[in-house]
Each structure stands twice: as structure tokens, then as C-alpha cells.
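The values are calculated or read from the model by the stated rules, or taken from the named source; none is laboratory data. As the structure is a prediction and not an experimental result, all values here were calculated from the model. A quick note on method: Cβ atoms are made from the backbone with ideal geometry, for glycine too, and the neighbour counts reach across all protein chains shown. These accessible areas exclude ligands, DNA and RNA; they are computed on the full protein's heavy atoms, side chains included. Shrake-Rupley method; radii C 1.70, N 1.55, O 1.52, S 1.80 Å.
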Amino acid sequence: MKQLAVFVAALAMTGQCLAAEAPTIGYVDMQQVLQESKLGKQAQEKLKEKFGPKSEEFAKEEKAIAQQKQALERDKPLMSKDQIKKKEDEIQKKIDAFQKSAGGIQQELQKEQQKLAQAIVGPAQEAVQALSKEKKMGMVFERGQAGIIYTDSALDLTKEVIKRLDDKAK
């Protein structure tokens, strides 16, 4: 009789455990938040204003170097070894100078991107936390960082986070 009572009690507890709701899980695509939110778009505009002209200048310089390489390849059969060597050295010097100046600008761009992204990430995290509490979520993952292979789009909080960020940015 005692064994039956213990069995019934264990069965009742199992039923209660199974009846309890599993924690809800969601995810946010922070890259999408950075690209589509008002704050993200403002940051992109700032970067274009600051680095756009330099980028165009580098593109022109890169194109000129490529044209010089093509001209050398085209004219090589007609040139002496000394002329070829001189032209190759000249092109290499331009490439080295280009890489040096472009590398400095690239580092400056990355620093600026990180600075602007941090200004967005803080408010985005606040929006995620508030949304998670409202929806009683146990966990929220960052889609690109969590190693997630498949997610149901119903778990995606990205659009709601962007909306909240945009509402705050007004």
C-alpha cells in the first residue's frame, strides 16, 4: 500500500513538471539591427560622409595601378629586360604606397565603425531586455554569434527591436 502511495505521488510530481511551461527562446539579428534601424542608418551616413571621398580616391588609384599593370603586360614583348624591371619596380612602389595609405584609412574606418556600433548596441540591448521581459523569454540569442543552424522565424525578435530603437530615436 505504501508503494502505491509513493508511486502515485511520484506520478503526480512528474505530471506537474511536464505541465510547467518550457522557457521561451528568441533571437535577434544584430547585424540587421545595425543596418536597418534609424540609429544604424544615421551611423552609415556619418561613415559615408567621412570616408566616402577617400574611398572614391582609393578606387581611382587602384584602377590606375591596374591599368599600368595591364599596359606592362601588353607591352612586355616590345620592351627590354631593363625597361620591364624599371616599370615593375615603379608599379610596385605605387602598390606599396597605396597599401600603406589604404591600411591607415582602413584602421581609422574600423575604429569609427566600432565607436558608432557601440552607440547602437547599448540601446539595442536595452530594447532586447525589455522585450524579453514582456514576452517572458528565458533566453535570447544573437543570431550571427550563437552558432544557430536553424531557427523558426516566429522566434525572431529583430523587427520588434528595430521598431523600439526607432521609436526611441525620434
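Okay, here's what the table says:
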read-out	value
The one condition in (1) touching a helix residue (DSSP H, G or I) at 6+ places or on another chain (Cβ under 9 Å); (2) surrounded by 15 or more Cβ atoms within 10 Å (Cβ to Cβ); (3) over 20 Å from Lys41 (Cα atoms) that Thr151 fails to fulfil	(1)
Candidates Leu78, Leu109 - the one that is of a type in the set (A, V, I, L, M) and under 28 Å from the mean Cα position of the chain (by Cα)	Leu109
Residue match in region 106-124 (condition: in contact with an Asp or Glu (Cβ under 9 Å, 6 or more places away or on another chain), surrounded by 11 or more Cβ atoms within 10 Å (Cβ to Cβ) and touching a residue at least 24 places away in the same chain (Cβ under 8 Å))	no
Ile84 in a helix (DSSP H, G or I), in contact with a Lys or Arg (Cβ under 7 Å, 6 or more places away or on another chain) and among the hydrophobic types (A, V, I, L, M, F, W, C)	yes
Cross-chain or 6+ apart pairs with Cβ under 6 Å, region 27-38 first and in a helix (DSSP H, G or I), then of a type in the set (Asp, Glu)	Met30/Glu142; Lys38/Asp166
Identity of the residue in region 125-138, in a helix (DSSP H, G or I) and either touching a Gly at 6+ places or on another chain (Cβ under 9 Å) or not hydrophobic (A, V, I, L, M, F, W, C) (or both), that ends up most open to solvent (accessible area, probe 1.4 Å)	Lys133
Of all residues making up region 145-158, the number that are in a loop (DSSP other than H, G, I, E, B) and closer than 21 Å to Lys38 by Cα	1
Matching option when the condition is in a helix (DSSP H, G or I) and closer than 13 Å to Val28 by Cα, among Lys168, Lys100, Lys163, Lys76	Lys163
Cross-chain or 6+ apart pairs with Cβ under 7 Å, region 66-87 first and closer than 20 Å to Phe98 by Cα, then open to solvent by less than 100 Å² (accessible area, probe 1.4 Å) and not charged (D, E, K, R)	Gln68/Ile91; Lys69/Ile91; Leu72/Ile91; Lys87/Leu72
